[in-house]
Amino acid sequence: MSQIKPTPELIKNLDDLASLASYSLIDTLNCDPEAKADGVDHLPRQVFSGHYVPVMPMPLKKPVYISHSKHFFSELGFADSLAQSDDFMRMFSADLSKIPEPLRKLGWACGYALSIYGTEYYQQCPFQTGNGYGDGRAISIFEGVINGQRWEMQLKGGGRTPYCRGADGRAVLRSSIREFLAQEHMHSLGVPTSRSLCLYTSKTEKVKRPWFEQGSYSKDPELMIEEKVAITTRVAPSFLRVGQLELFGRRARKHEHPQAMAELEKIVLHLIDREYSEEIDKELTLEEKILLLARAFRSRLISLVTNWIRVGYCQGNFNSDNCAAGGFTLDYGPFGFIDMFDPEYQPWTGGGQHFSFLNQPQAAEHNFHMFCVAVYPLLTSSKSALAELEAISNDFSELMREAMEKMWAEKLGLSAFDGSLFKELVSLMLETSVDYTIFFRELSQIPEDITALKKSFYGHSMHSMTDEKVNEKLLERWSLWLDKWQSLIHVTSPESRAKRSKQMKSINPKYTLREWFLVPAYQQAADRDYSLIRELQAVMTNPYSEQSKETEEKYYRQKPSEFFNIAGISHVSCSS
């Protein structure tokens, strides 16, 4: 890593940003030896070795400012005026032609492999070899150290790369708005995530995408629609993925080229430098570093997924290539926040039940297994190290179970998990069609009876019951459950009640970024009205707070019945 320079008190222009540039990835890792020096490398091709490919991004035509993350700008020490300055807009809408030195005039894209639930796949690569799969429309353009933290800035929709598989390299306005809002919302929820910097669209440029007819119930897109393009800049300590390690692990395992093992070692050590330097001593042996890395990543991944479930988030497509090796939420493609509680909730029509809401711990375990498979070749000289790596992998499910039980206990305000109480709760939530977010938030008020909890009951099941006695029995079960819960939380005074309520409200958000909030925001944005995007920014970056009555009436409510099963609202395609 290059020498760290002091951060200016306020970053007001690109010269200030340039002074903080430190390109550790492209300065220390291997460039694809077949890469083009000018970065004009926009057609699909096989990349056989090297950690990255230099790429010239494709600028948006006539960029237009939509929004930036004021919270993140403040954390970075960026002046708010920077987001709408000509130089900054030009750079972050993919035009690097006029940026000051030592900023680099080329970006970079990386290849990675794909595993789904622990099975290696090659057919997503157009060459059926695994050598053409990677960052198809994500191009990193900056890496530097700001206030002691290393950040990489990546354009989503910045144009074609050798990994584009024949696509246009663009992101549409709809998906860009979703990602831009979701990242800062997740950060505000306390969930590890990549961050949103800024969002720009084009005044004139459009592309065609498959989408649904309005009001359709179809699971598959039915028509091609023309949509505006946009670029959102996402920021993270690194964008290294499990799939990236896998690619180099596969090559080393199969001896695909003479430098394969060395390239695997290099990227693993680079991951440690970028994401785990505070936990892993540089003076340790390679074997010791890898085993500590495996334990640290396991811990982060388990924490991440329990947080997803805590806030009602479903990744939708949690393959190894969408799993950040730093243990945070990386990709916001077909994600969704759950409305009505359903363990099998899955926002992406192509995702299958294996990526559904309560199957995310299993998906994480498979991704962790592929991480262990990737680093395995570096430990083959030590039987004891291999045995320890296997033990680390085998312990994943038990540690995940413990973390999940702890999380459920915290959501319920309990000092310890109660299996029978939780089992009955899940049964009641399913039978009553309960809104996940509203239920836990209302429970956080420590209600004396079930009246407040009824706010979360959709009533689909209740209304379908012709026997009124069945309804009464269900409500009686709710009352009995609440009585048992109250006996376990040990609230004995107004002070203890207020304290417990405050604790639970810090765990159970009041506001989550539901898809039916997002749809009107990106529909209005298509007509150049960005006011709802900015309104959602304000609400969703304060998800635990009691906000105005107007905000509560608008955003703290059940999903309207007319939106259930509607394409583009209840379920989305991968292009989302």
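Using alpha-carbon pairs under 8 Å, 6+ residues apart, how would you state the relative contact order of the chain in percent?
Relative contact order, the chain: 14 percent.
Give me the percent of Cα-Cα pairs in the chain that sit more than 47 Å apart, rounded to a whole number.
14 percent
Can you sort Asp342, Asp38 so the residue with the fewest Cβ neighbours within 10 Å comes first?
Going from sparsest to densest Cβ surroundings: Asp38, Asp342.
Binning every alpha carbon pair distance of segment 418-507 at 5 Å from zero, what are the percents per bin?
Over segment 418-507, the share of Cα pairs per 5 Å bin runs 2, 13, 23, 26, 19, 9, 4, 2, 0 percent.
So if each residue of separation counts as 0.36 nm, and I subtract the Cα-Cα distance between Lys266 and Ser218, what length gain in nm does that give?
12.6 nm
As an exercise, use a Förster radius of 41 Å and the Cβ-Cβ distance of Ala167 and Ser506 to find the FRET efficiency, rounded to the nearest 0.05.
FRET efficiency, Ala167 to Ser506: 0.45.
Label Thr129 and Lys473 with points 7 Å out from Cα along Cα→Cβ: what is the distance between them in nm?
Taking the two extended label points, one gets 6.5 nm.
Only helical DSSP H runs with n ≥ 4 go in: add -39500 (n - 2.57) per run for the chain, normalise by residue count and round the 222 nm mean residue ellipticity to 500 deg cm²/dmol.
-12500 deg cm²/dmol
Over all Cα pairs of segment 14-239, how is the pair count split among 5 Å bins, expressed in % and running from 0 up to the last occupied bin?
1, 7, 13, 18, 19, 18, 13, 7, 3, 1, 0
Sorting Ser561, Ser299 on the 10 Å Cβ count, fewest up front, what's the list?
Fewest-to-most Cβ neighbours within 10 Å comes out as Ser561, Ser299.
Please report, in cubic angstrom per residue, the volume enclosed by the convex hull of the alpha-carbon atoms of segment 135-219.
In segment 135-219, the Cα convex hull volume per residue is 162 Å³.
Setting aside same-chain residues fewer than 8 positions from Lys266, which aspartates and glutamates have a Cα under 15 Å from its Cα?
Result set, ordered by chain and number: Asp27, Asp32, Glu246, Glu275, Glu287.
Between their Cα atoms, which of Lys423/Lys473; Lys70/Lys499; Lys510/Lys559; Lys70/Lys510 are more than 24 Å away from each other?
Over 24 Å apart, Cα to Cα: Lys70/Lys499.
I need the calculated FRET efficiency for the pair Glu405 and Asn147, taking r as the beta carbon distance and R₀ as 51 Å, to the nearest 0.05.
Rounded to the nearest 0.05, the efficiency is 0.85.
Can you find, among Gly111, Gly39, His51, the residue sitting farthest towards the positive end of the charge dipole of the chain, where Lys and Arg contribute +1 and Asp and Glu -1 at Cβ?
Checking the options against the dipole of the chain, the answer is Gly39.
So how tilted is helix 260-275 from the main axis of the chain? Cα-based, degrees 0 to 90, rounded to 10.
Between the helix axis and the principal axis of the chain, the angle is about 50 degrees.
Which GluC sites (Glu not before Pro) from segment 495-576 combine a DSSP loop assignment with at most 16 other Cβ atoms within 10 Å?
The qualifying sites are Glu546.
Could you state the number of Å between the C-alpha centres of segment 239-274 and segment 210-226?
So the two Cα centres are separated by 40 Å.
Between Phe48 and Ser97, what FRET efficiency follows from the Cβ-Cβ distance if R0 is 45 Å, with the result rounded to 0.05?
After rounding to 0.05, the efficiency reads 0.90.
Dividing the Cα radius of gyration by the Kirkwood radius, what Rg/Rh value follows for segment 362-425?
Using only Cα positions, Rg/Rh for segment 362-425 is 1.19.
Straight distance only, please: which lysines reach the Cα of Lys206 with their own Cα at less than 16 Å, same-chain residues fewer than 8 apart left out?
Once the sequence-local lysines are set aside, what remains near Lys206 is Lys61, Lys62, Lys156, Lys228.
Per residue and in Å³, how big is the convex hull formed by the alpha-carbon atoms of segment 252-407?
125 Å³
Mark the label point 7 Å from the Cα of Tyr544 along Cα→Cβ and return the residues of segment 310-354 whose backbone N is within less than 17 Å of it.
It comes to 310-313, nothing else.
Round to the nearest 10 and give me the degree value, 0 to 90, for the angle of helix 468-489's Cα axis relative to the longest principal axis of the chain.
With rounding to tens, the tilt is 70 degrees.
Can you grab the distance from the C-alpha centre of segment 92-137 to the C-alpha centre of segment 547-571, Å, no decimals?
36 Å
Any idea what the dipole of the chain comes to, in debye rounded to 20, about its Cα centre with Lys/Arg Cβ at +1 and Asp/Glu Cβ at -1?
Using only the charged Cβ atoms, the result is roughly 780 debye.
Quick one: Debye curve from the C-alpha atoms of segment 468-518, no solvent, what's log10 I(q)/I(0) at q = 0.15, 0.20, 0.32, 0.33 Å⁻¹?
Here the Debye-derived log intensity ratios amount to -0.69, -0.84, -1.11, -1.14.
If packing is taken as the average count of other Cβ atoms within 10 Å, what order do 119-130, 170-181 fall into, highest mean first?
170-181, 119-130
Does anyone have the angle between helix 531-540 and the longest principal axis of the chain? Alpha-carbon axes, 0 to 90°, nearest 10?
70 degrees
Using Cβ counts within 10 Å as a stand-in for footprinting exposure, how do His270, His255 rank, fewest first?
By the 10 Å Cβ count, ascending, the order reads His255, His270.
Which trypsin sites (Lys or Arg not before Pro) in segment 220-317 sit in a loop by DSSP (not H, G, I, E or B) and have at most 11 other Cβ atoms within 10 Å of their own Cβ?
Qualifying residues, ordered by number: Lys254, Lys282.
Just for the Cα atoms in segment 534-576, what are the lengths along the principal axes, largest first, rounded to whole Å?
Sorted from largest, the Cα extents of segment 534-576 read 32, 24, 16 Å.
Which trypsin sites (Lys or Arg not before Pro) in segment 487-566 pass both tests, a DSSP loop state and at most 11 other beta-carbon atoms within 10 Å?
Arg528
Quick check: pseudo-label points 7 Å beyond the Cα along Cα→Cβ at Asn13 and Lys554, how many nm apart are they?
Going by the 7 Å Cα→Cβ label model, 3.8 nm.
Laboratory data are not the source of any read-out in this text; all were calculated from the coordinates shown. Just so it is clear, the model here is predicted, and its values are computed rather than measured. Cβ: placed from backbone, ideal geometry, glycine included. Neighbour counts: every protein chain shown.
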